Every structure is written in C-alpha cells, then in structure tokens.
Amino acid sequence: MRLENQIAIITGGGQGIGQQIAFRLGQEGAVAVIADINEKGSWETAEMMASSGGKKARVIPTDITSEEQVVNLIQGTLEIDKRIDILVNNSGIMGPVKNIEDIPLEEWEATMAVNLRGMFLCVKHTVPTMKRQGKGSIVNIASITGKRPLIQRTPYAASKMGVIGLTRTLAAELGRWKIRVNAVCPGAVIGPRLDLVIEGIMKYSGKSRDQVVAERTEASALKSFVDAQYIAAVVAFLCSEDAVMMTGQDINVCAGTIMY
Ligand SMILES: NC(=O)c1ccc[n+]([C@@H]2O[C@H](COP(=O)([O-])OP(=O)(O)OC[C@H]3O[C@@H](n4cnc5c(N)ncnc54)[C@H](O)[C@@H]3O)[C@@H](O)[C@H]2O)c1
C-alpha cells in the first residue's frame, strides 16, 4: 500500500470530497485524522472507513478559522501519532452567489476566513513538524475557479486563486525540507453543494435547471460532472512516493473543462 501507516490530517473530512479523500487515504494504508466543524459527519466518515476494512480514523473536531483550535488539532495528533506525514487542506465554503455590489462585507470575510485563513493556519502549525521530519506532503484543494473568472462568485474565485498562489509560494519555500505542496483543482463535483450552485445561477440568470446543467456539462470535454472519488484518487497519488518529483503543481480534475 502506497501510504502504509502515514499520518494524514484531512480538513473537512466530514462530508463531500473530504470524506472521499479520507476514505481513499485510509484504503491506501494511511491513518486519517479528520478535522471538521461537522462532528457528526466526521464520525460517519470514521465509521465508513472502519467498516470497509481501512485504517482506523481519528476525529478531532476543529474550526480551522480558529488558531487555538488548529493548534489543538496539531498537538492532539502529535500526542497520539507522533508525526504528520500528510496535510490535506480541503475545508472550504462556496461563499455568496451575488453581484459584487450585493455582497455584504461579512460574507466576503467569512469566505476568506475558511478558504484562505484556515489553510494558512493549518500549514503554519504543521510545517514545524514536517521540517523536523525532513519530509511531508501538503495538498490544497483549490478549484478550476482558481484559474479563471466565475461571475457572481467573487469571494470564492479570489480565495481559490489565492490557494494556488499559496501553493506555489509554499512549494518554493519548503522544498529544501523535502516538503511538497500541490493543489488539486476540481471541476463541478456531483453532490448537494453543486445543487446549491445551480440554484444560485438559476436565481441570478433566470435560466431553468436543465439549461444550467446542460451548459455546465457542455463546457467539459467529457460532457460530465466529476465524481469525488476521482479527486480523492489524485490526492492519494500526490501524497505518495509516485509523486516525489512533483511540487508547486495545480492539477485539474474537471472532465476537461479547462486545460491549463
Ligand atoms: N463541490 C464542488 O463542485 C467543488 C468544486 C471545486 C472545488 N471544491 C472545493 O472542494 C472542497 C470540498 O468541497 P465539498 O464540495 O466537499 O464541500 P462540502 O460543503 O460538502 O464540505 C466541506 C466541508 O468543510 C467543512 N468546513 C466548513 N467550514 C469549516 C471550518 N471553519 N472548519 C473546518 N471545516 C469546515 C464542512 O463542515 C464540510 O464538512 C472545498 O474546498 C471546495 O471549495 C468543490
């Protein structure tokens, strides 16, 4: 197994893409530490992993926007597992779907707090351990919206473009300690969150659900939305020795919606 006994913190592992990532890393032999505000979902992920014969997962409920809680996450992990091999920064919120002039400052700041400040805090407090180990892999979940504009999603797009900037800068800064930092950029992923996005677009564009769905899938080469398991597969690859010469990269998993 590629990740045998690796200790992997996964933020937002209580549902959606993060749940699939935790599951896949567990299947590959890693011990997953699930850090999410969604405690119930986190235990469901742990249960799902245990019942499928994967490694036992740990749950440390964490709001990543709080430095105190992130410090608690890192200390709690080190007390039991002694090391941190993998950090997957997956927690993120979609932010408002509104014209710029209608976005309250609080909604801008709330989006930045989860999507960027939380990632900064998790990296900041994990890196000293990885430096001591002389090894580590960090994977940041960005979005294809980190590479191109998405109207009426200003805070989200700005935050995901920031995630790619953070990834490249950290890769350059941390490479000498053999800490690799990469980003994965999903396209539209099947699930409740995509449903919310579609509803938002319908509201602002006046288009029907079928029109929005057809337009969104038409834009992809494979004419498809993305299943979260394929994002998890790429994350597992990036964490493994197979990707030991990859850092500072942003890999699209988007059914060919964008190609850069
Ligand atoms: N779903 C998509 O289509 C899509 C596309 C591109 C990128 N992404 C990105 O993938 C990541 C996961 O998305 P998802 O679709 O699984 O979303 P989701 O809403 O289903 O799950 C996000 C998880 O993050 C957690 N979270 C939210 N705020 C938190 C906080 N303050 N502290 C800790 N955890 C917090 C939530 O509780 C939840 O478990 C996000 O970064 C998202 O931006 C998703």
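The values are calculated or read from the model by the stated rules, or taken from the named source; none is laboratory data. In this text the structure is predicted, and so the values were computed from the model without any measurement. Note that we place each Cβ from the backbone using ideal geometry, even for glycine, and neighbour counts take in every protein chain shown. Just so you know, the surface numbers come from the protein's heavy atoms only, side chains and all, with ligands and any DNA or RNA stripped out. Shrake-Rupley method; radii C 1.70, N 1.55, O 1.52, S 1.80 Å.
Mind checking which aspartates and glutamates have their Cα closer than 18 Å to the Cα of LYS40? Skip sequence neighbours fewer than 8 apart in that chain.
ASP63
How large is the direction-averaged shadow of the alpha-carbon convex hull of region 1-87, in nm²?
4.9 nm²
Would any residue of region 206-245 have its amide N under 19 Å from a label point 7 Å out along Cα→Cβ of ASP195? List them or say none.
Under cut-off, by backbone N: 208-214, 216-217, 225-229.
Run the reach check for LYS98 against lysines, Cα to Cα strictly under 28 Å, same-chain hits fewer than 8 apart removed. What comes back?
LYS147, LYS160, LYS203, LYS207, LYS223
Post the alpha-carbon centroid distance, region 91-117 to region 22-77, in whole angstrom.
When both Cα centres are located, 25 Å separates them.
In deg cm²/dmol, rounded to 500, what helix-only [θ] at 222 nm does the chain give when every DSSP H run of at least 4 residues adds -39500 (n - 2.57) and the total is split over its residues?
Calculated at 222 nm, the ellipticity per residue is -15000 deg cm²/dmol.
About its Cα centre, what dipole magnitude does the chain give when the only charges are +1 on Lys and Arg Cβ and -1 on Asp and Glu Cβ, stated in debye to the nearest 20?
So the magnitude is around 740 debye.
Per the 1.4 Å probe, what fraction of the accessible area of the chain, in percent, lies on carbon and sulfur atoms?
Result for the chain: 56 percent of the exposed heavy-atom area is carbon or sulfur.
Ratio of alpha-carbon Rg to the 2.2 N^0.38 Å globular estimate for region 169-232, to two decimals, please.
Dividing the Cα radius of gyration by 2.2 N^0.38 Å gives 1.58.
State to the nearest 20 debye the size of the charge dipole of region 131-238 about its Cα centre, where the only charges are +1 on K and R beta carbons and -1 on D and E beta carbons.
Its charge dipole is roughly 640 debye.
Please name which of VAL59, LEU3, ILE34 has its Cα lying farthest along the dipole of region 1-73 towards the positive end, using unit charges on Cβ (Lys, Arg +1; Asp, Glu -1) and the Cα centre as origin.
Of the options given, the answer is LEU3.
Please list, or write none, the aspartates and glutamates whose alpha carbon is within less than 18 Å of the alpha carbon of LYS55, excluding same-chain residues fewer than 8 places away.
LYS55 reaches GLU4, GLU28, GLU44, GLU47, ASP81, ASP85.
Bin width 10 Å, origin at 0, all Cα-Cα pairs of region 122-251: what percent of pairs per bin?
The distribution over region 122-251 is 12, 36, 30, 16, 6, 0, given as percents.
Assuming 0.36 nm per residue, please report the length gained on full extension of the stretch VAL244 to LYS124 beyond their Cα-Cα distance.
41.0 nm
Skipping prolines and chain starts, which residues have an amide H placed within reach, meaning under 5 Å, of the one on VAL181, given they are 5 or more residues away or on another chain?
ILE138, GLY248
Using Cα pairs closer than 8 Å and at least 6 residues apart in sequence, work out the relative contact order for the chain, in percent.
For the chain, the relative contact order is 19 percent.
What is the projected area of the convex hull of the Cα atoms of the chain, averaged over all directions, in nm²?
If you wrap the Cα atoms of the chain in a convex hull and average its projections, you get 13.3 nm².
Let me spell out the model: positive unit charges on the Cβ of Lys and Arg, negative unit charges on the Cβ of Asp and Glu, origin at the Cα centre of region 1-108. What dipole size does that give, in debye rounded to 20?
640 debye
Return one whole number: the accessible area per residue of the chain in Å², for a 1.4 Å probe.
In whole numbers, the chain has 46 Å² accessible per residue.
Over region 176-260, what is the mean sequence separation of C-alpha contacts under 8 Å (at least six apart), divided by residue count, expressed as relative contact order in percent?
Averaging sequence separation for qualifying contacts and normalising by length gives 49 percent for region 176-260.
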